[in-house]
1. Is it the case that S43 is without any contact (Cβ under 8 Å) to a residue 40 or more places away in the chain and either closer than 22 Å to G63 by Cα or not acidic (D, E) (or both)?
2. For the range 228-240, which residues satisfy the criterion of being crowded, with 16+ Cβ neighbours inside 10 Å and either of a type in the set (D, E, K, R) or not in a helix (DSSP H, G or I) (or both)?
3. Being touching a Lys or Arg at 6+ places or on another chain (Cβ under 6 Å) and in contact (Cβ under 8 Å) with a residue 60 or more places away in the chain is the requirement here; does S117 meet it?
4. List the helices (runs of 4 or more DSSP H) inside the range 241-295, counting only whole elements, that have at least 2 residues being among the β-branched types (V, I, T), under 15 Å from R141 (Cα atoms) and under 18 Å from the mean Cα position of the chain (by Cα).
5. When you scan the range 178-192, how many residues do you find that are crowded, with 18+ Cβ neighbours inside 10 Å and farther than 14 Å from Y75 by Cα?
6. Which residue is surrounded by the fewest Cβ atoms within 10 Å (Cβ to Cβ), if the candidates are limited to the range 197-222 and must be outside any loop (DSSP other than H, G, I, E, B) and over 24 Å from the mean Cα position of the chain (by Cα)?
7. Please find, within the range 22-60, the residue that is nearest to V10 (Cα to Cα) out of those that are in a helix (DSSP H, G or I) and among the polar types (S, T, N, Q).
Amino acid sequence: MISDDRLFLVTGATGKTGSSTIHLLLQRGHRVRAMVHREDERSRSLAEAGAEVVVSDFHDLDGVTAALQGVAGAYLCYPISPGLIEATTYFAQAATEAGVRSVVDMSQISARREAGSNAARQHWLCERLLDRTGMLTAHLRPTFFAEWLKLWWELRDGEGHLRLPFGEGRHAPIASVDQAHVIAALLIDPEPHDRAVYTLHGPVELNHHDIARAMAGTLGIPVHYEPIGVEEFASAMAERGMPAHRIQHLSNVAVDYQNGVFAGTNDNIEKIGHRTPLSVEQFVNENKPDFDTSGPYFVPAP
């Protein structure tokens, strides 16, 4: 019998899914260790909430090893940056040495052997690597986060604009807080989910015209979706200084999106996380102040 004082490690701890997972685990009486890249206001907030904060880097084998000592289960979340395979290898080796029992891996819905995105293909490889360890392993493949609407949003002359390369493709936006409920549940009770791959979706599948209408109804202003080409999207990201690795990924997943890879919906949030996922309207309503200004990555009109 596993005691109730299990220690869980959450990596990517200051990110959206990581921080929400930490708060859920703490609320349920579990000990949590938060792995962060640096001490800042966000990490101090986690410490104040009751988490043990450790500063380390995925590419520091000794640091990752220290972070995993005494841990029963871990959440592995790596950013869209180079080095995923090395980081996962370090993590897998250190976790095996430390006797970590389970891992929840944040992958991508586009992860597959034939993926055009380098990051997506690497996630598929890392899933296979983790499956070869002795840990109980569950992989999460979310569709586009609802939070992405805030990143690509432009507020211009009192109206909202979404200029994105998604054509008429569809998906059911999923909020990070809903994913956190699944992550926490898998960490607490990993046995039924060993080697499972779960796609995560919001409650309603929409195209971006539908999303714009839902946002308009909630914000009370006109919101427009303007489909653009992948090339224009990539050029705009390059002009904003986005790293080449991320541009390559986003350009290829835009094509995947148009081809239906991000489509669909299911009841995994309810079934595993025991929570009804937020709709686009609910998400926007809960985050209204974020739509008072343009997001950091919006593609300006020519």
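Each reported figure results from applying straightforward, stated rules to the coordinates on display, with no laboratory input. Owing to the predicted nature of the structure, the values given are computational and were not obtained by experimental measurement. Glycine also receives a Cβ, built like all others from the backbone with ideal geometry; neighbour counts cover every protein chain displayed.
1. yes
2. I228 - this is the single residue of the range 228-240 that is crowded, with 16+ Cβ neighbours inside 10 Å and either of a type in the set (D, E, K, R) or not in a helix (DSSP H, G or I) (or both).
3. no
4. Passing ranges, in order: 268-273.
5. Total meeting the criteria: 1.
6. Checked the range 197-222; the qualifying residue surrounded by the fewest Cβ atoms within 10 Å (Cβ to Cβ) is G217.
7. S43
Okay, residues lined up against (1) farther than 19 Å from V64 by Cβ; (2) surrounded by 15 or more Cβ atoms within 10 Å (Cβ to Cβ):
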residue	(1), (2)
D4	yes, no
K16	yes, yes
S20	yes, yes
H23	yes, yes
L26	yes, yes
S43	no, yes
V53	no, yes
